[in-house]
Amino acid sequence: MPKQRKRALSPSEEDGGSRYKRPGKQTMQQEELSMYYEQRNSTFASGSTIADPSSASVKPLTLCAIKALAGNVKLLMENPSAMSLLNFLPQSLLNLLFAKIAGRYPASLTPEIIVEVFVDLSPGSLTELVLDEVESARHSTVWKALARSQKVVDVNGGIAGGLTALSINHLQIPEKQIVPAVARMPLLTRFEARGNMKLGNAVLKELAKSCPNLVRINVNHTAVTQEGIQAVLKIPSLKIAKFGFLKLGGDKTWIDFAENCKAQGIRVATLKNLKLREAEKISDYGLEVLLETTCSDAETLDLLRTPASALDTLLKPCILSLRKLNISYCTVQSIDVLIRALKALQATGKFEVLKAGGIQFRRSRLQNTDVQAIAPFFTTLRHLAFYDYSRINDLRPILLYAANLEYLDLTKTGITAEDLEVATASEKLKFLNLTGTGANDSFAPALARCSALETLFLDKTFIEGGYGS
């Protein structure tokens, strides 16, 4: 069976459009823009009411404007007069336009164009700003303008506008530039800055102080420590927190945090989704205190490469609500501890996603006999990632019990054709990853019977005549 390889999408294909249009087509779009601009100007001049941009009469033209502008950042830069066209677009379309520009041509955006189009154009009405990987957004000009445009107050003293979402992923922006802007964003509900090693605790402390409605935060791979994390955990509205690859501090800092919050009557966040991937400087007990304090209602928990050894005890605070769990590359105390944890999760009837690749025990590795022992507790799973077990060559027990699987990742396991017969008997399986396994042509009949299969990975297998072909 031919292998399905993932082809890199062109920037425009990623946006759901066709490939980049030729200059002739762009010229046609520019002419349509000019006509649209004249139409809007004449309407304003006559005092007529502007039609709703979402109505059938103008929808095609506004969509054309969005596509043309998103594909011609240089046109905007070289022709400042074209910027005035944006004054006539509704804010929802401006948000869409910026997302397209940032996603497709981030290198073409200058600090000036960011400020003019998305900050000064309509202060107070822009609700979501996405600057991911836009290097020019690091410039202090952007952040001074952003701080200046926020916290719009109406005549009655209430907050009339401002950002509700700010995303600056993979940008090395000094936090001294971010703090003044965040201080003027009281309506912020989402903040994402993963991959910024210049971002530290000062930004999170300002979020805790100025953004009482924060719901989601992602600071993976930053310089944030437990001091900043504990600050934002005191925001009661916080539901999704991604603190992966951070230094969480020692156990005592979390014991003190829990005790102080309780003593002072501080209402801490009740998280729905917590990511602590590869947490440093915290032990099993510190994790237990953290989860007990903030995760009584958690549905998703990512503990990849954390010191989560006493799983049965660790998961007790959220055992009744947990739906998704990642314990890949954790060193669990023993097979009995793992069984108790899985048994408790199965009993709730809610648990459906398990990522458990490369698990080890303190004195041994996972064996075929261990697979037989844990398999009966996989009956509720719809998504299973069970990878990096090259020594395990009998996966039939798991595949027999996990009959409701839609997603199955068996990368780098010793799966056999006989095992696959069991897995592919399911009419529900939509995703199958056999990368790095011993899959060969004998697997083909079983794969051919996967009536519901939509995605199949066979990289680095023996199918089609050679390993790695």
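Every number here is computed from the coordinates shown, using simple stated rules; none is lab data. In this text, all values refer to a predicted model and were calculated from it rather than measured experimentally. Please note: Cβ atoms are built from the backbone with ideal geometry, for glycine as well, and neighbour counts cover all protein chains shown.
A P(r) calculated from all alpha carbon pairs of the range 254-380, with 10 Å bins opening at zero, reads 13, 46, 31, 9, 2, 0 percent.
Tell me, what is the Rg over Rh of the range 299-444, with Rh the Kirkwood radius over Cα pairs? With Rh from the inverse mean 1/r over Cα pairs, Rg/Rh is 0.95. Counting 0.36 nm for each residue step from N440 to E112 and taking away their Cα separation leaves a gain of 112.4 nm.
When you work out D = kT/(6 pi eta Rh) for the range 129-239 at 25 °C and 0.890 mPa s, using the Kirkwood radius from C-alpha pairs as Rh and the Stokes-Einstein form, the result is 177 µm²/s. Of the peptides 241-247, 447-453, the ranking by mean beta-carbon count within 10 Å, highest at the top, reads 241-247, 447-453.
Taking the radius of gyration and the Kirkwood hydrodynamic radius from Cα positions alone, what is the Rg/Rh ratio for the range 416-460, to two decimal places? Expressed as Rg/Rh, it is 0.91. Only the Cβ atoms of Lys and Arg (+1) and of Asp and Glu (-1) were treated as charged; on that basis the dipole of the range 181-261 about its Cα centre amounts to roughly 320 debye. The N368 and S140 beta-carbon pair, evaluated with R₀ = 41 Å, returns a calculated FRET efficiency of approximately 0.10. Ordering 408-420, 249-261 by mean Cβ neighbour count within 10 Å, with the highest value first, yields 408-420, 249-261. Extension gain for M197 to K460 (0.36 nm times residue separation, less C-alpha to C-alpha distance): 91.2 nm.
A full extension of the chain between D297 and R391 corresponds to an added length of 30.2 nm, given 0.36 nm per residue minus the alpha carbon distance. With a Förster radius of 41 Å applied to the C-beta separation of K176 and T331, the computed FRET efficiency comes to 0.55. Can you list the residues of the range 393-407 with backbone N under 14 Å from a point 7 Å past the Cα of F431, pointing along Cα to Cβ? Taking a point 7 Å out along Cα→Cβ of F431, the residues of the range 393-407 whose backbone N falls under 14 Å are 405-407. Treating each Cα of the range 191-291 as one equal point scatterer and applying the Debye formula with no solvent, the log10 of I(q)/I(0) at q = 0.15, 0.20 Å⁻¹ comes out as -0.54, -1.01. Diffusion of the range 346-407 by Stokes-Einstein, at 25 °C in a medium of 0.890 mPa s and with Rh set to the Kirkwood radius over alpha-carbon pairs, works out to 203 µm²/s.
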